[in-house]
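Enquirer: Got a structure here, written out as C-alpha cells. Questions coming.
Rule-based calculations on the coordinates, nothing more; no lab input. Quick caveat, the model's predicted, so the values are computed rather than measured. Neighbour counts are summed over all protein chains in view; Cβ atoms, including those assigned to glycine, are modelled from backbone coordinates with ideal geometry.
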Amino acid sequence: MKSLVSIREGGLASWALRLVAAAFVIGLVFWVPTSAGAGLISTAIEALTLMSAAMALNLILGYTGQISIGHSAFLGIGAYTTGIFVSRWGFSPWLTFPIAFLIAFVVGVIVSFPASRIKGVYLALVTLALGLVFPQLLTWKKLSWLTGGGAGLPNKDSQLQTTGFNIGRKEGQMLHFEIFGWDPFGDLRRPDNKAAFWYWIAAGVAVIVYLVCRGVVKSRVGRSMVAIRDNETAAAVMGVNLVKTKAMVFGLSAGLCALPGCVVAIKIGSVSPEGITSLTVKGAITFLIVMVIGGAGSLWGPIIGAALYVFVTEKTGEWANDDAIPALIRPLFAWAKVPPGDGIFAVLLILLMFVAPRGIVGVWNQYSSRIVRVLPRPAGAVGPAPMATAAMFTVTDSEGEHE
Amino acid sequence: MALFFQRLVDGMSYGSVYALIALGLVIVYRGTGHLNFAQGEMALFCAYFVYQFGEWRIPVWPAMFLGMGVGFLLGSATEVALVRPISKRSPFAVFIVTIGLFTFLNWLDGAIWGNQQLPNSGVGSKQLSYPSLFPNDPQDQWLPFGVSIRYERVGILVLVLVLTGLLFLLFNKTKFGLSMRAVASNAESAKLAGIRTNRVLMMSWGLAAAIGALGGVVQAGLNGNVNLGLMFTVFIYGSAAATLGGFDSPGGAVIGGLMIGVIENLASGYLPKWVGQEMKLGVAFVVILAVLLVKPSGLFGTAKVERV
C-alpha cells in the first residue's frame, strides 16, 4: 500500500504528530468542565465511567481472548464497596477506591480458576450467569444486613445519608475540596461545582485505568496475554504460565472495573440494584458492545467506542417522542416507541463484524496509513519508549484475524 | 408429602419451558457448534407476536402455530444472512453477532410494543391476560389428596413430552433427521455424500427458533403477561439445562430442563431463607459451574476428545 507521506518512528515528524494528538485529547478533557454546561458534564462523566469499564474488559477479552459478559458484577462490587464503607462505616470515599480495587481483584482471581478450565462460549455462559446472579445476590435476605437488600444504601441504619461525599454546611461536613490550600471548585453545594468535582474524579479514574492497561499491554505480561489469545497451546509451550497469567489478568481487569463503580456510587449518592443500570447484565453487554465497536485489543478502542455510545444515546434519548426527531430522518425512527440508541449500536456491531472486525480503530489504522505512514523503528534500536498516541498511527497488518 | 408432590409438578411445568429453550440451543449446537445467545430473545419476539395475534382475535392455538412460523422464519433467516457468512471468520465473530442480535431483538420488541408489560389496558389491549394454551382459571385444577394440580401445568408438561416424541421421530426415522445427524457428526463428509448441508443448517436454526418460540409462548402464558425482561433468566435456566443434559443431546436437554425446574423449585421451597425467590438463579449458576468443572460433556452428551 502506498502512502503519501512516510515518516520514521521516533523522528521529529512523528513526535510532532504525537504532540498534536495529545494536545487535542488534553484540550478536550479540560474544555468540558470549564466551558460546557452541567448537562454535558454529566454526560461526560457517564462516558468516562463507561470507557473505564470497557478498558478493563478489554484487558481480559480484547487482549487475552477470555469472553466475559459478567463484568457488570465487578463494577457492582466497586459501587457497593464505596456504598457500604462510606454510608455504614463513615470511611472517606477516597479510601474506598483502593479497597474496592483489592476486593474486586481477589474476586477476579477466584473467578479465574474455574475460568482457566472452561473455554470459549462456555466461559461466556458462566460469566453471563454470574452477571445475572449478582443483582439477585444484592437482594438476598442473608446479605441484606450488609447490602441493604432491594432498597439499597443508604438506609435508616446507616451512619451517613449518602454513599459519596458528605457535602453540606453542618459540622464535619464537606464544603470545599482543597489541595494544599488551593480550592479549585469553590462551594461544592452549587450543582455546577459539584459536577466539575465529580468530572475530575471520573477523569482521574479513566486516566489511571488507561495508564495501567497501557503499562500491562506493553510489558512482558501483555505479550503473554496476546500469546494466550492467539494460541493457548503454543503459548504454554513457549513457557507462558497459563493459570498464573489468566489469574493475574482476571484480577486486574476486575479490580480496574470496580473503580468506575466507585465513581458511580459517589456521583449518584446511593446504591441499589435497580438504581445503577451498569451493574445489571445489560451494563456488561454495553461494555462489550462499545469495546468491540471501538476496537477490541487496542488501547484507544474502548475510549472511542464509549464516547460514541454515550454521545449517540444522549442525542437520541428523547426520540421516543416523535417531535424530538430532526425532520429529515423522522420517518426512519418515528415508528419506534423507545429511543433508537441500542438498536443503532446493535446493528452497527453486527455490520462491523462483517466489514471491520477490528472496530473503528482498525478502520482508522487501515486508512490513515494511506496518508501518513509511520515506519516502525528497526528491531533492537535504542531510544525512548513509544508514546501512547503512536499506537494510533503505527501500521498494523489489519487483514489478520485475531480471535 | 402433598406439598412435595405439588412442588414437583410445579417444578416440572417450569422445567418444561427450560427444556424447550435448551432443545433450541442443542439443535443449533449440534448443527453448527455455536451457542445461540439470541435464543431467548428470538423466543420473546415470537411471544410478542402471539400477543399481537391475540389482539387480532386469532384463537390461541392457531396463534401459537403462527408464532412458531415466525420463529422458523427468523431462525432460518438468521442462519442464512448472519451466521453462515460470519462463521468463516471465527467462533468469536459468531458470538459477537449473536450478542448483537440479542440486543437488537430486545430493542425491536420495545420499539414495536413499548416497554410496558402486555396485555395492558393502558395501551388499549383487548385481552385481559396473555393467551394461555390450557384452561387457567382459578378453579381449573384437580385436588387429589389436598394437592392442587393445575390443568395448565399438566398440559404444558404433556405438550413438551409430545413434542420431544415428535422430535425423536424426526431425528431417528426421517431422511431429514438422518441428514441432520450426518451434518452434526461430520459436515464435510456429509457434503461429499450429497447432503445439502446448507439447507440442513438453515432448517436446524429454523426448527430451533420455532421450538424456542413455543417456550416463549408457554412462559408468557405462565407469567400472565409478556415484558422485555421475560427471557433473560429463562435463557440462563435453559442453558443450565443444556449444560446439564449435554450440549449435543436433545433427550438430555429435556431431562436437564425438567431437572433444573424441579431442583430450583424444591430448593426455593424447602430452603426459603437460603434460596427463596431471590437466589433461584443462583441454583442455575451453581449447576452450570459444577457441570462444566466436573463433567463438561454433561449427563448425556458425548465427551469430546481433543488432540492437543
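Enquirer: Could you give the C-alpha radius of gyration of the stretch B:20-229 expressed as a fraction of 2.2 N^0.38 Å, taking N as the number of residues it contains? Could the numbers behind the result be given before it?
Expert: Numbers: Rg = 18.7 Å, N = 210, 2.2 N^0.38 = 16.8 Å.
My calculation over the Cα atoms of the stretch B:20-229 gives 1.11.
Enquirer: I need two numbers for the stretch B:1-95: Rg to one decimal and Dmax as a whole number, Cα atoms only, in Å.
Expert: 16.9, 55
Enquirer: Here's another thing I want to ask about it. What FRET efficiency do you get for B:Lys175 and B:Leu299 if R0 is 45 Å and r is their Cβ-Cβ distance, rounded to the nearest 0.05? Mind showing how you got there, number by number?
Expert: Working: r = 29 Å, r/R0 = 0.65.
Efficiency for this residue pair is about 0.95.
Enquirer: At 7 Å along Cα-to-Cβ for each site, give me the label-to-label distance between A:Ala16 and A:Leu175 in nm.
Expert: 5.3 nm
Enquirer: Still on this structure: Need the full-extension length gain, A:Ser3 to A:Val207, defined as separation in residues times 0.36 nm minus the C-alpha distance. One decimal, nm.
Expert: Working: separation 204, 0.36 × 204 = 73.44 nm, distance 3.28 nm.
Between A:Ser3 and A:Val207, full extension yields an extra 70.2 nm.
Enquirer: I'm checking a number: the convex hull volume of the Cα atoms of the protein assembly as shown, normalised per residue, in Å³. What is it?
Expert: It comes to 194 Å³ per residue, whole-number rounded.
Enquirer: Which shape class, rounded, prolate or oblate, goes with the stretch A:9-93 when its Cα gyration tensor gives a ≥ b ≥ c as root eigenvalues, a/c under 1.5 marks rounded, and past that a/b bigger than b/c marks prolate? Working shown, then result.
Expert: Working: a/c = 2.63, a/b = 1.40, b/c = 1.88.
Oblate shape, in that a/c is at least 1.5 and b/c is the bigger or equal ratio.
Enquirer: Would you mind getting the Kirkwood hydrodynamic radius of the stretch A:1-59 from its Cα pairs, rounded to one decimal in Å? Before the final figure, lay out the partial values.
Expert: On the way: mean 1/r = 0.0697 Å⁻¹.
One decimal place: 14.3 Å for the Kirkwood radius.
Enquirer: Tell me the Kirkwood hydrodynamic radius of the stretch A:120-219 in angstroms, computed as one over the mean inverse distance between distinct C-alpha pairs. Mind dumping the intermediate values first?
Expert: Details: mean 1/r = 0.0568 Å⁻¹.
Evaluated on the stretch A:120-219, it is 17.6 Å.
Enquirer: If you don't mind, there's one more thing I want to ask. If neighbour count is taken as other Cβ atoms inside 10 Å, put B:Leu23, B:Leu214, A:Leu288 in order from fewest to most.
Expert: Details: B:Leu23 32, B:Leu214 29, A:Leu288 26.
By the 10 Å Cβ count, ascending: A:Leu288, B:Leu214, B:Leu23.
Enquirer: Further question: Rounded, prolate or oblate: which fits the stretch B:66-171 when a ≥ b ≥ c are the square roots of the eigenvalues of the alpha-carbon gyration tensor, with rounded for a/c under 1.5 and prolate only if a/b beats b/c? Don't jump to the answer; show the numbers that get you there.
Expert: Values: a/c = 2.95, a/b = 1.50, b/c = 1.96.
Verdict is oblate for the stretch B:66-171.
Enquirer: For peptide B:285-294, compute the average count of partner chain beta-carbon atoms within 10 Å of each residue's beta-carbon.
Expert: Rounded to a whole number, the mean comes out at 4.
Enquirer: Tell me, what is the FRET efficiency for A:Asp323 and B:Gln127 to the nearest 0.05, using R0 = 35 angstrom and their Cβ-Cβ distance as r? Numbers along the way, then the final one.
Expert: On the way: r = 31 Å, r/R0 = 0.88.
Rounded to the nearest 0.05, the efficiency is 0.70.
Enquirer: Debye sum, Cα scatterers, the stretch A:227-271, no solvent: what log₁₀ I/I(0) at q = 0.20 1/Å?
Expert: Here log10 of I(q) over I(0) equals -0.66.
Enquirer: Hey, another quick one. What's the extension gain from B:Ile58 to B:Glu188 if we count 0.36 nm per residue and subtract their Cα-Cα distance? Please list the in-between numbers first.
Expert: Details: separation 130, 0.36 × 130 = 46.80 nm, distance 4.44 nm.
Residue separation times 0.36 nm, minus the Cα-Cα distance, leaves 42.4 nm.
Enquirer: Within the stretch A:176-217, list the chymotrypsin sites (Phe, Trp or Tyr not before Pro) lying in a DSSP loop whose Cβ has at most 14 other Cβ atoms in a 10 Å radius.
Expert: Working: sites: A:Phe177, A:Phe180, A:Trp182, A:Phe185, A:Phe197, A:Trp198, A:Tyr199, A:Trp200, A:Tyr210; in loops: A:Phe177, A:Phe180, A:Phe185.
Taking the stretch A:176-217 and a limit of 14 other Cβ atoms within 10 Å, the loop chymotrypsin sites (Phe, Trp or Tyr not before Pro) found are A:Phe180.
Enquirer: Still on this structure, I have one more. Would you mind computing, in nm to one decimal, how far apart the modelled labels at A:Ala23 and A:Asp183 are, each placed 7 Å from Cα along Cα→Cβ?
Expert: 3.5 nm
Enquirer: Note the per residue figure in Å³ for the convex hull of the C-alpha positions in the stretch A:198-237.
Expert: Numbers: hull volume 2.2 nm³, N = 40.
Taking only Cα atoms, the stretch A:198-237 has a hull volume of 56 Å³ per residue.
Enquirer: Could you give P(r) for the stretch A:27-168, binned at 5 Å from zero, as whole percent values over all Cα-Cα pairs?
Expert: 2, 9, 14, 18, 17, 16, 12, 8, 4, 1, 0
Enquirer: For the pairs B:Lys88/B:Lys191; A:Lys141/A:Lys282; A:Lys141/B:Lys280; A:Lys282/B:Lys273, note any where the Cα-Cα span goes beyond 21 Å.
Expert: Values: B:Lys88/B:Lys191 17 Å; A:Lys141/A:Lys282 24 Å; A:Lys141/B:Lys280 13 Å; A:Lys282/B:Lys273 28 Å.
The pairs that break the limit, which is 21 Å between Cα atoms, are A:Lys141/A:Lys282; A:Lys282/B:Lys273.
Enquirer: Once label points are set 7 Å from the Cα along Cα→Cβ at both B:Phe4 and A:Ser368, what is their separation, rounded to one decimal in nm?
Expert: Modelled inter-label distance: 6.8 nm.
Enquirer: The stretch A:174-227: which trypsin sites (Lys or Arg not before Pro) are DSSP loop and have at most 16 other beta-carbon atoms within 10 angstrom?
Expert: On the way: sites: A:Arg189, A:Lys194, A:Arg214, A:Lys218, A:Arg220, A:Arg223; in loops: A:Arg189, A:Lys218.
Those satisfying the criteria are A:Arg189, A:Lys218.
Enquirer: A further question follows. Going by a ≥ b ≥ c, the root eigenvalues of the Cα gyration tensor, does the stretch A:238-360 fall in the rounded group (a/c under 1.5), the prolate group (a/b larger than b/c) or the oblate group? Could you put the intermediate results ahead of the total?
Expert: Working: a/c = 3.01, a/b = 1.51, b/c = 1.99.
Oblate, because a/c is 1.5 or more while a/b does not exceed b/c.
Enquirer: Averaged across the residues of A:128-137, what count of C-beta atoms belonging to other chains lies within 10 Å of each residue's C-beta?
Expert: Details: counts 8, 15, 3, 2, 8, 11, 2, 2, 8, 5.
Rounded to a whole number, the mean comes out at 6.
Enquirer: Per residue Cα convex hull volume for chain A, in cubic angstrom? Write out the running numbers ahead of the final one.
Expert: Numbers: hull volume 72.2 nm³, N = 403.
Value for chain A: 179 Å³ per residue.
Enquirer: What is chain B's relative contact order, in percent, from Cα pairs under 8 angstrom and six or more apart in sequence? Let's see the in-between values first.
Expert: On the way: 500 pairs, mean separation 109.0, N = 308.
Contact order relative to length: 35 percent.
Enquirer: In the stretch B:1-91, which trypsin sites (Lys or Arg not before Pro) fall in coil by DSSP and have 14 or fewer other Cβ atoms within 10 Å? Working shown, then result.
Expert: Details: sites: B:Arg7, B:Arg30, B:Arg57, B:Lys88, B:Arg89; in loops: B:Arg57, B:Lys88, B:Arg89.
Listed in order of number, the matching sites are B:Arg57, B:Lys88.
Enquirer: Please average, across the residues of B:227-238, the number of beta carbons from any other chain that are within 10 Å of each residue's own beta carbon, and give a whole number. Can you show the working numbers first?
Expert: Details: counts 0, 1, 2, 0, 0, 6, 5, 0, 4, 7, 1, 0.
Counting other chains' Cβ atoms within 10 Å and averaging over B:227-238 gives 2.
Enquirer: So, one more: Considering only A:Phe134, A:Phe105, A:Ala235, whose Cα is most displaced toward the positive end of the charge dipole of the stretch A:38-281, charges sitting on Cβ of Lys, Arg (+1) and Asp, Glu (-1)?
Expert: Comparing the listed Cα positions along the dipole, A:Ala235 ranks first.
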